[in-house]
Each structure stands twice: as C-alpha cells, then as structure tokens.
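Everything below concerns the one structure shown next.
The values are calculated or read from the model by the stated rules, or taken from the named source; none is laboratory data. Note that the coordinates shown come from a computational prediction; the quantities given were computed from them, not determined experimentally. Don't worry about glycine lacking a Cβ; one is built from the backbone with ideal geometry, like all the others, and counts go over all protein chains shown. Areas reflect the complete protein model, heavy atoms only, side chains present, ligands, DNA and RNA absent. Shrake-Rupley method; radii C 1.70, N 1.55, O 1.52, S 1.80 Å.
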Amino acid sequence: MKLIIAIVQDEDASRLVSNLMNEGYSVTKLATTGGFLRAGNTTLLLGVDEDRFDGAMKIIEKVCRSRKQIAPSPSPMAGSTGAYVPYPIEVMVGGATVFVLNVEQFIKL
Ligand code: 2BA
C-alpha cells in the first residue's frame, strides 16, 4: 500500500475529492496553508493499494490545474521614498505537489 499526500489548490479540491470518491478511493481532506504564499491550500491523504495507485495519480493529474498567483515579495525592496515596500511577484502554483510514501502498516480498529 502507498500513502499519497497531495497538496492542491482550494479551487481544485472539491472536484478532485468528488472524482476520487466516485472511483472508490478513500480520501481525507485537510485545510492547510502554503508557507510561501501564506494562503490556504488543501492537502489530501489517500491510502491506496498498489494496483490502484496509477488510477489515483491520473485523476489528480487530470483535475489539478496550474495557475498564476501574485504574491508579495518575501524580501521587500527600498522604494523611492526610502521606505521599504513589498513588491508583487508572479508565481506559478500547482497543478499538485505529491509525496508518495510506502505504508508499513494499515490498521483500522
Ligand atoms: P506555497 O508554499 O504557498 O507556494 C506556492 C507557490 O509559490 C509554489 O507553487 C511555487 O511556485 C512558489 N514558491 C514556493 N516557494 C518558493 C520560493 N522559496 N521561492 C520562489 N517561489 C516559491 P508549488 O510549487 O506548486 O507549491 C504549492 C504548494 O505546495 C506550496 O504552497 C506548499 O504548500 C506545497 N509544497 C510545495 N513544495 C513543497 C515541499 N517540498 N514540501 C512541502 N510542501 C510543499
């Protein structure tokens, strides 16, 4: 068994969970926050048998989009007045950041 930890954008989360559930996957949805943008995102936990792993990854790939987001710079620049002001930068977020772990034991009590 594998544990898929998928960090996705909030905009994709609901459709992704629906798609996964419709295909019979069990999903746990966590409300999380990205360290860089300091904005909400969603982390899904999926425990999947090896033979269903590729199917889950295909659904994640199909549903999750990459999007441009504007973020304040982490290191503000000195403005013309001498005051330090944050300047916006554009970052590409997603589709999904996925970690895959081997599950040593899966226990339901
Ligand atoms: P955030 O940390 O809010 O990052 C949002 C996006 O900002 C990232 O998109 C990336 O394009 C950019 N970014 C992040 N750190 C940066 C940096 N130090 N300098 C410049 N740009 C930076 P994604 O790579 O698609 O990541 C989306 C979210 O996935 C992240 O939100 C974070 O919550 C998670 N994530 C990504 N890589 C991770 C990792 N190695 N470990 C844990 N979580 C990760």
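Only residues that are modelled with pLDDT under 90 and not hydrophobic (A, V, I, L, M, F, W, C): list them for segment 53-84, please. Within segment 53-84, Pro72, Ser73, Pro74, Ser75, Pro76, Gly79, Ser80, Thr81, Gly82, Tyr84 qualify.
The single condition among (1) modelled with pLDDT under 95; (2) out of contact with any Ser or Thr (no Cβ under 9 Å at 6 or more places or on another chain) that Tyr87 does not satisfy is (2).
In segment 9-19, the qualifying residues are those that are in contact with a helix residue (DSSP H, G or I) (Cβ under 6 Å, 6 or more places away or on another chain) and within 14 Å of Met57 (Cα to Cα), and the one that is farthest from the ligand (Cβ to nearest atom) is Asn19. The sole residue among Arg38, Arg15 that is at pLDDT below 95, open to solvent by 100 Å² or more (accessible area, probe 1.4 Å) and of a type in the set (D, E, K, R) is Arg38. Output yes when any residue across segment 22-34 is within 16 Å of the ligand (Cβ to nearest atom), over 11 Å from the mean Cα position of the chain (by Cα), free of Cβ contacts under 8 Å to residues at least 40 places away in the same chain and surrounded by fewer than 14 Cβ atoms within 10 Å (Cβ to Cβ), and no when none is. No, that holds for no residue.
With respect to Arg67, is the statement that it is within 12 Å of the ligand (Cβ to nearest atom) and charged (D, E, K, R) true? Yes; evaluated as a whole, the condition is true for this residue.
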